[in-house]
Amino acid sequence: MMYKIEDFGKNAGKVWDVLNTHGSLTEKTLMKKANLTNNEFYSAIGWLAKENKVSKEENYFTLKETNLSDWIGENAGKIWQILNTWGEIDIKYLQKFANISKNDTFLALGWLAKEDKVKTRVVKPKTPQVIVNLK
C-alpha cells in the first residue's frame, strides 16, 4: 500500500510502460500487468490524465490525448477545496466529504500530485492512517 506522492509518479510510469508496450488494455489487465493495487492504479491514471497522456474509450485505456480532464479535474477541485478548508485530513474521509467514489478520490489525488499541490504522511497508531494536506 503506497501513499507517498512520489510513488504516484512511479506508478504512472509503470502504467505508461505497459500501455506503450501492449497498446490499449482493459482496467483489470492493465492493473495486473503493471502489478498495481486499485488505489495505486487510480492515482497513476489521475497523474497521467493531468499529463494529457491517457484516455479511456469504452472499457479500454490507451496512450493518447486525455478525455478525462473534465471529470477528474472537477473532483480534484472538490478535494482541493476540502484540503484548503480542513488543512489536513485522513485519506479515508476525503471521499465522504467530497461525495465521490474511492476510485475518483484516487484519480483526483493523482491529478493533484502531478500538479505538486498535495502531500501525504503516514501515521501508524494501530492501523495505518494516511493524512493528506496541501503543499
Open item on the list: Checking the table 14/124; 64/124; 56/124; 53/124 against a 30 Å threshold on Cα-Cα, which pairs fail?
Closed with: 64/124; 56/124; 53/124
TODO: At most 13 other Cβ atoms within 10 Å and a DSSP loop assignment: could you name the trypsin sites (Lys or Arg not before Pro) in region 2-75 that fit?
DONE: 64
Open item on the list: What does the extension gain come out to for residue 37 and residue 81, with contour length at 0.36 nm per residue minus their alpha carbon separation?
Closed with: 13.2 nm
Open item on the list: Per DSSP helix of 4 or more residues, -39500 (n - 2.57); summed, then divided by the residues of the chain. What does that give at 222 nm, rounded to the nearest 500?
Closed with: -18500 deg cm²/dmol
Open item on the list: Test of the criteria: in region 31-100, which GluC sites (Glu not before Pro) are in a DSSP loop and have at most 15 other Cβ atoms within 10 angstrom of their Cβ?
Closed with: 51, 58, 65
Open item on the list: Using Cα springs under 10 Å in a Gaussian network model of the chain, which residue among 34, 49, 113 shows the largest mean-square fluctuation?
Closed with: 34
Open item on the list: With just the Cα atoms defining each centre, how far is region 52-96 from region 1-39? Give it in Å.
Closed with: 16
TODO: Please turn the phi angles of region 77-91 into ³J(HN,Hα) values with the Karplus equation 6.51 cos²θ - 1.76 cosθ + 1.60 (θ = phi - 60°), one per residue in order, whole Hz, x for glycine and proline.
DONE: x, 4, 4, 4, 4, 4, 5, 5, 7, 8, x, 8, 7, 5, 4
Open item on the list: Suppose R0 equals 22 Å. What FRET efficiency, 1/(1 + (r/R0)^6) with r the Cβ-Cβ distance, do residue 27 and residue 131 give to the nearest 0.05?
Closed with: 0.20
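None of the figures in this text is laboratory data; all of them are computed from the coordinates on show. Owing to the predicted nature of the structure, the values given are computational and were not obtained by experimental measurement. Cβ coordinates were reconstructed from backbone atoms using ideal geometry, including for glycine residues, and neighbour counts include every protein chain displayed.
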